Amino acid sequence: MIGDKVADAFNKQINEEIASAYIYLSMVGWFEQAGFEGMAAWMRAQWQEELGHAMKFFDNIVSRGGKVVLEAVKKPKTDWTSPLEAFTDAYKHEQYITGRINDLVELARKEKDNAAEVFLSWFVSEQVEEEDSTQKIVQTLEKVKDTAGALVMIDRELGRRGA
Ligand code: OFO
């Protein structure tokens, strides 16, 4: 049985993950309109991944006899000035989510909830990957700046994730 404090915190994390999905879906729309189909495909995969994260918390609450309580999802930003700005936002957002996961681990330890701590270890590793992948893209985009030819190549490369 999941305790109330951990269940509340997990419910908040469902909202954070859905909000992440929403941010990335908003980026899909922007990338599509700006003509970066590969980046749009990359973000489309990311949006799906975030929905999967939300469902992991959802199913964990359910399987431990807790109550799922969904809240309203924050409206995401809708415009970016460049792919670099969008991916920088994504990188910063992943750092924020890492902080939330770390807070959850602390709470699980404080509540002596071993099941929650073990469950969260997957997310601790996942956040290392999430930060790494977005940071690498930011670094690449910083190098090419607005060089059109290079952006086309990066777009093609990132599109492979969605394929
Ligand atoms: Fe759910 O990892 Fe990104 O936000």
- Using alpha carbons only, how many degrees (0 to 90, rounded to 10) separate the axis of helix 148-162 from the longest principal axis of the chain? 40 degrees
- Taking the chain as the reference, fit the longest principal axis to its C-alpha atoms, fit the long axis of helix 37-63 to the helix C-alpha atoms, and give the angle between the two in degrees, 0 to 90, nearest 10. 0 degrees
- Task: Taking just the C-alpha trace of the chain, give me its Rg and Dmax in Å.
- Result: 17.2, 56
- Query: So what's the angle, to the nearest 10 degrees on a 0 to 90 scale, between helix 83-110 and the longest Cα principal axis of the chain?
  - Reply: 10 degrees
- Message: Please list log₁₀ I(q)/I(0) at q = 0.14, 0.23 Å⁻¹ for region 63-144, using the Debye equation with identical point scatterers on the alpha-carbon positions.
- Response: -0.65, -1.10
- Taking each pair of different alpha-carbon atoms in region 10-81 once, compute 1/r for the pair, average those values, and report the inverse of that mean as the Kirkwood hydrodynamic radius in Å to one decimal. 12.9 Å
- Expected unfolding gain across V62-K136 under the 0.36 nm per residue rule, minus the alpha-carbon gap, is 23.1 nm
- Query: When only C-alpha pairs under 8 Å and at least 6 residues apart count, what is the relative contact order of the chain, in percent?
  - Reply: 33 percent
- Query: Looking at Q13, V138, A45, which one has the Cα that reaches farthest to the positive end of the dipole of the chain (charges on Cβ: Lys, Arg +1; Asp, Glu -1)?
  - Reply: Q13
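Quick note: the coordinates plus some simple rules give every number you see, no bench work behind them. Just so it is clear, the structure is predicted and the values come from calculations on it, not from any experiment. Here the Cβ is made from the backbone with ideal geometry for all residues, glycine too, and neighbour counts use every protein chain on show.
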